[in-house]
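The block underneath contains the structure these notes are about, expressed in structure tokens.
The values are calculated or read from the model by the stated rules, or taken from the named source; none is laboratory data. These numbers were taken from a predicted model, which means no experiment stands behind them. Neighbour counts run over all protein chains shown; Cβ positions are idealised from the backbone, glycine included.
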Amino acid sequence: MQSERNLKPIRSFRSFANRVFNKIPLEHKTKILETAKEMFMRFGTRSITMEDIARELVMSKKTLYQYFKDKDEMVLLVTAQELEQDKAEIQAIQEASVDAIDEILRISQTVAESFKNMNPTLLHDIKKYHTAAWQAFIDYKNQFIRRSIIDNLTRGIDEGYYRADLNIDLLAIMRLEQVEMGFDVKLFPPDKFTLVDIQLAFLDHFVRGLLTNKGFEKLESYRIPYQNDFLPINKV
């Protein structure tokens, strides 16, 4: 199962990122992309210009263009970095978790932290205006994340915590689409719902539909009341 996680599309945009990074002085590249990421997360990509990023960096726009061809390239690089970091975090959780339920609860914490300061329009902006970055996200979602969901479902069934009659492939697709649907501001207006609340509600509903009686007992043994804006778990 682990061998399928080293996927060609992910390697390809990682290679692209490395090629661009090699052209940028070490002292600049991290600062530039960290600043761009913070601005994209806060405002989305559509409303942010290269001039805005240069101003935030106290750098001329001309200098910024010496490092990056355009905003589209910068969005792709930020996306590549974020997906690589996300992948590493999920793999670490998979290795550290003691069972399938522990794994999915730990991932819920990571998801909540990631979405806490994210503008809900970000995914829409990337989808509409940044084709290469969107394709990188789709490849990652449909391959690595889908494989991770399937592995978790298989693990939970083998452990007796998830029902044996689950349609694994169908549920994996459903779960993928739930995550993306949560970013639809027409369905979930930001003035009524936060990304964290949406995603945790989806996850809670999804997990409870998987469980056997043994699984419910295990879930309750981990679970404590919601605090702050993510679902805590007991450390075991």
Select from the stretch 179-207 the residues that are within 18 Å of Asn142 (Cβ to Cβ), exposed (fewer than 15 other Cβ atoms within 10 Å of the Cβ) and not aliphatic (A, V, I, L, M) and list them in ascending order.
-> Glu180
Scanning for something at pLDDT 90 or above, surrounded by 14 or more Cβ atoms within 10 Å (Cβ to Cβ), part of a helix (DSSP H, G or I) and not small (Gly, Ala, Ser), does the stretch 15-27 turn up at least one residue?
-> no
Just checking, which of Ile150, Ile107 is modelled with pLDDT of 95 or more, surrounded by 16 or more Cβ atoms within 10 Å (Cβ to Cβ) and among the β-branched types (Val, Ile, Thr)?
-> Ile150
Quick one: in the stretch 119-145, of everything that is free of Cβ contacts under 8 Å to residues at least 60 places away in the same chain and of a type in the set (Phe, Trp, Tyr), which residue is nearest to Val179 (Cα to Cα)?
-> Phe137
Hits in the stretch 123-136 - residues which are surrounded by fewer than 20 Cβ atoms within 10 Å (Cβ to Cβ) and not charged (D, E, K, R) | His124, Tyr129, Thr131, Ala132, Trp134, Gln135
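Among the helices (runs of 4 or more DSSP H) confined wholly to the stretch 52-118, which include 3 or more residues that are in contact (Cβ under 8 Å) with a residue 40 or more places away in the chain and within 20 Å of the chain's Cα centre (by Cα)?
Details: elements: 61-67, 71-96, 100-115.
In the stretch 52-118, 71-96, 100-115 are the helices (runs of 4 or more DSSP H) which contain 3 or more residues that are in contact (Cβ under 8 Å) with a residue 40 or more places away in the chain and within 20 Å of the chain's Cα centre (by Cα).
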Among the residues of the stretch 155-178, how many are assigned to a helix (DSSP H, G or I) and in contact (Cβ under 8 Å) with a residue 60 or more places away in the chain?
-> 1
Residues of the stretch 85-120 classified as within 21 Å of Tyr162 (Cβ to Cβ) and either out of contact with any Ser or Thr (no Cβ under 9 Å at 6 or more places or on another chain) or among the β-branched types (Val, Ile, Thr) (or both), total = 15
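Looking only at the stretch 193-207, which residues are of a type outside the set (A, V, I, L, M, F, W, C) and closer than 16 Å to Asn117 by Cα? Working first, answer last.
Residues of the stretch 193-207 that are of a type outside the set (A, V, I, L, M, F, W, C), as a first pass: 194, 197, 199, 204-205.
If the condition is that a residue be of a type outside the set (A, V, I, L, M, F, W, C) and closer than 16 Å to Asn117 by Cα, then Thr194, Asp197, Gln199 are the ones that fit.
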